[in-house]
Structures are given as C-alpha cells and as structure tokens.
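Chemist: One structure coming up, written as structure tokens, with questions to follow.
The values are calculated or read from the model by the stated rules, or taken from the named source; none is laboratory data. Computed from a prediction, not measured in an experiment: that's the story for all the values here. Glycine gets a Cβ as well: all are built from the backbone with ideal geometry, and neighbour counts include every protein chain shown.
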Amino acid sequence: MQVTLRNEFHGREVQVEIMGRYPYTLTAAQAAKVRRVLCGRRGCACGVVRGRATDVHGVQVAVCPDGLDDGRGTWTIDRA
Ligand SMILES: [Zn+2]
C-alpha cells in the first residue's frame with residue numbers, strides 16, 4: 001500500500017510504500033527519502049511532514065514522529 005506524505009510549507013509530496021500492516025514504521029532509508037524530498041534543507045524548522053497524509057484511496061492516515069535506535073528520526077504510519 002502506497003501512502004502520500006505532504007509538506008505544505010514547501011509545497012512538496014512524496015510516496016512511500018507500506019510493507020506490511022498498520023502501524024508501520026518507515027525504515028531508515030524511507031525516512032531519509034522523506035526528509036530529502038519533503039525538505040532537504042539543513043537546519044530547516046519546517047518539521048518535514050506537514051499536512052494531510054493519504055493512502056491510495058485518498059483516505060487520511062495518521063503520521064507520528066518516531067525514533068530509530070541510531071537516534072535519527074523516522075515516522076510511524078497508522079490508521080487515522
Ligand atoms: Zn523544510
């Protein structure tokens with residue numbers, strides 16, 4: 001299942017693949033892609049994920065900031 005995350009501050013969006021069931025925590029590689037596509041600016045305070053996140057059917061999903069063991073941030077996607 002693909003979901004679309006948005007950053008309304010920069011006017012960008014990115015698709016990520018949910019591999020498995022909700023709640024699903026983005027892998028480090030997926031989180032890096034989300035950061036790169038939605039913001040990509042060092043020191044920016046936009047928060048990266050801002051705005052509606054939706055699945056392929058347009059249904060809103062919840063996006064919660066989460067941590068990885070190595071200290072870098074990721075996100076957990078869940079049903080809204
Ligand atoms: Zn930014």
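Chemist: Restricting the search to the range 18-57, which residues are within 16 Å of the ligand (Cβ to nearest atom) and not in a loop (DSSP other than H, G, I, E, B)? Can you show your working first?
Modeler: Just the residues of the range 18-57 that are within 16 Å of the ligand (Cβ to nearest atom), to begin with: 31-51.
Answer for the range 18-57, where residues must be within 16 Å of the ligand (Cβ to nearest atom) and not in a loop (DSSP other than H, G, I, E, B): Ala31, Ala32, Lys33, Val34, Arg35, Arg36, Val37, Leu38, Arg50.
Chemist: OK, next. Just to be sure, is Val3 modelled with pLDDT of 95 or more, more than 16 Å from the ligand (Cβ to nearest atom) and outside any loop (DSSP other than H, G, I, E, B)?
Modeler: Working: modelled with pLDDT of 95 or more: yes; more than 16 Å from the ligand (Cβ to nearest atom): yes; outside any loop (DSSP other than H, G, I, E, B): yes.
Yes, satisfied.
Chemist: A further question follows. Which pairs do you get when a residue that is without any contact (Cβ under 8 Å) to a residue 40 or more places away in the chain and over 14 Å from Val14 (Cα atoms), found in the range 42-63, comes within reach of a residue that is among the β-branched types (Val, Ile, Thr) and surrounded by 11 or more Cβ atoms within 10 Å (Cβ to Cβ), reach meaning Cβ atoms under 6 angstrom, with the pair 6+ apart or on two chains?
Modeler: Cβ pairs passing all conditions: Gln60/Thr54.
Chemist: If a residue must be under 13 Å from the mean Cα position of the chain (by Cα), hydroxyl-bearing (Ser, Thr, Tyr) and closer than 14 Å to Arg79 by Cβ, how many such residues does the range 1-24 contain?
Modeler: Count: 1.
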